[in-house]
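Before any comments, here is the structure.
Each value in this text was obtained by applying a stated rule to the coordinates, not by laboratory testing. Because the structure is predicted, anything quoted here is derived from the model rather than measured. Don't worry about glycine lacking a Cβ; one is built from the backbone with ideal geometry, like all the others, and counts go over all protein chains shown.
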Amino acid sequence: MDVGHLGDEFAGRAAIVTGGSQGIGAAIARRLAAGGAAVTICARRAERVDAAVARLRASGARAQGLAADVRDPADVRRVVDATVDGFGRVDILVNNAGTGQIRDSLTLELDAWRDLIDTHLTGTFLMSQAAARVMIAAGSGVILNIGSVFSVRGMPKRAAYCTAKHGIVGLTRALACEWAPHGIRVVALGPGYISTAREVPVDFSREVVERRTPMGRWGTPEEMGEAAAFLCSPRASFLTGSLTMADGGWVAYGGW
């Protein structure tokens, strides 16, 4: 995707995408860059970050990347500071960093629980807090938190994941109310089952998901990129505190 192909809706803007080296995060970073944004991506593995930045730059984007852990306040500050240093501002934050987990709740280890909760939920809070300090000074900004179908549903062996994703919606609503007077919108996107090269834990077949989804298929990272771009754009200027599902009807359908 050539970065000039989709116009300039994000021209002059700077975005941070956590977990932006692959999957949904990488697709969102590409889409924001295609709209003219300068993009900072971060993820834990440096080699993946470097490869993703190289791909963005090859398409003509202004991009930089850092190996960082959103659970670490020092790393969080480093990502935000690097964006301000490199691009002069922070207009958009996409909190996408996360990990999957399928564990029996009776034997779920505390360390495993904490790892997932800290990555999804605490990391989202820390990044939002750090970015908002810059946004408040500027009087505007958008924070997009990536939820899930499990932000509003439950499933066995996903206690930590469901808790974290439900928590992201609550955090989205609280921050949206608190920061709206400062010109900051805080919204959430709830992807359904998305086909990516990244391996995610599943305990049922691809065909089961297709049967369970009214649209009869898995979503694509590019579709999530488009949904994210809308939510981050001025076209969504009166949306805040809300969760937008992009799940092919998965949540709407009550059967299996």
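Structure notes:
- Potential extension, residue 111-residue 137 segment - 0.36 nm per residue separation minus Cα distance: 5.6 nm
- Mean shadow area of region 173-256, taken as a quarter of the surface of its Cα convex hull (nm²): 6.8 nm²
- Across every direction, the projection of the convex hull enclosing the Cα atoms of the chain has a mean area of 13.0 nm².
- Where N is the number of residues in region 16-123, Cα Rg divided by 2.2 N^0.38 Å: 1.13
- Sparsely packed GluC sites (Glu not before Pro) within region 171-256, loop by DSSP, other Cβ within 10 Å at most 13: 199
- For the chain, with +1 on Lys and Arg beta carbons and -1 on Asp and Glu, the positive-most of 254, 18, 129 along the dipole: 254
- Here the Gaussian network model covers the chain, with springs between Cα atoms less than 10 Å apart; of 239, 175, 121, 239 fluctuates the most.
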